[in-house]
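Notes for the one structure printed next.
The values are calculated or read from the model by the stated rules, or taken from the named source; none is laboratory data. Small disclaimer: the values here were computed from a predicted structure and weren't measured. A quick note on method: Cβ atoms are made from the backbone with ideal geometry, for glycine too, and the neighbour counts reach across all protein chains shown. Areas reflect the complete protein model, heavy atoms only, side chains present, ligands, DNA and RNA absent. Shrake-Rupley method; radii C 1.70, N 1.55, O 1.52, S 1.80 Å.
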Amino acid sequence: MMPRTLRHPRHERWLANTPCVPRSEMRTWLTGRGSLTARIRARCDAFEVRVLQQRLGLPLPDERRLIGLRWHASALVREVLLCADGVPVVFAHSVVLPQHLRGAWHLVAGLGTRPLGAVLFADRSVQRGQLHLKALDARDPRWQRAIAASGVAPNGALWARRSVFKRAGRPILVTEVFLPTLPRLFK
């Protein structure tokens, strides 16, 4: 049976199931539906969110479709590094429609260095959509930004996952790119 996929420009495919993910600890981290922030915190002494940017910008075409944004419309784009004991382990990229910052997602605008995951998983009214996975390579802008921001030298593709969370029917897209330093937390 073929995995169900989302189709995007340039044949970009995010897998809605995991047959291609190697059976390993990475698979467990990629497919876990709980808070990634909580999981990282549990495995380090010092957790930190480094805010890289939070501004209005143009999301990527595949992101616009997922949250129902018009072609040339802007959205709030938030990019952070999740760090364990001072080492970046995850690059997180979130997209939310500006009009939802005055309503369902009003807390996002003032997050600062607080993790978005803490907001998402603390509110029982937030519903998480299906996880989609992809091995990102150097052609993907999210891969490029993750590497530039973290200063981590990749050894090829980086696994990423994303899902749409909804609160009061309003979407926010969260993409998490797993950096090559993440396996240090597997032990």
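Of the residues A146, A157, which single one is under 22 Å from T31 (Cα atoms) and under 14 Å from the mean Cα position of the chain (by Cα)? Give the steps one after another, and end with the answer.
Values: A157 fails: under 14 Å from the mean Cα position of the chain (by Cα).
So the residue among A146, A157 that is under 22 Å from T31 (Cα atoms) and under 14 Å from the mean Cα position of the chain (by Cα) is A146.
Residue pairs whose Cβ atoms lie under 6 Å apart, separated by 6 or more positions or on different chains, with the first residue in the stretch 145-170 and in contact (Cβ under 8 Å) with a residue 12 or more places away in the chain and farther than 17 Å from R64 by Cβ and the second surrounded by fewer than 17 Cβ atoms within 10 Å (Cβ to Cβ) and of a type in the set (D, E, K, R), are A157/D137. If you go through the stretch 129-168 and pick out every residue that is among the small types (G, A, S) and open to solvent by 50 Å² or more (accessible area, probe 1.4 Å), you end up with 6.
Within the stretch 121-132, residues that are more than 11 Å from A168 (Cα to Cα) sit with their Cβ atoms under 7 Å from residues that are small (G, A, S) and part of a loop (DSSP other than H, G, I, E, B), at 6+ positions apart or across chains, in these pairs: F121/S35; Q130/A16; H132/A16.
In the set (1) touching a residue at least 40 places away in the same chain (Cβ under 8 Å); (2) surrounded by 13 or more Cβ atoms within 10 Å (Cβ to Cβ), R78 fails one condition alone, (1).
Can you name the residue in the stretch 83-101 that is aliphatic (A, V, I, L, M) and either part of a helix (DSSP H, G or I) or touching a Pro at 6+ places or on another chain (Cβ under 7 Å) (or both) and is also least open to solvent (accessible area, probe 1.4 Å) among such residues?
So the first thing to find is which residues in the stretch 83-101 are aliphatic (A, V, I, L, M), and the list is 84, 87, 89-90, 92, 95-97, 101.
Among the residues that remain, those that are also either part of a helix (DSSP H, G or I) or touching a Pro at 6+ places or on another chain (Cβ under 7 Å) (or both) are: 95, 101.
Working: V95: 1, L101: 34 Å².
Only one residue tops the list, namely V95.
Screening the stretch 119-176 for residues that are β-branched (V, I, T) and in a loop (DSSP other than H, G, I, E, B) and picking the one that is farthest from A92 (Cα to Cα) gives V126. Considering only residues that are open to solvent by 30 Å² or more (accessible area, probe 1.4 Å), part of a helix (DSSP H, G or I) and under 12 Å from R167 (Cβ atoms), which ones fall in the stretch 102-118? H106, L107, listed by residue number.
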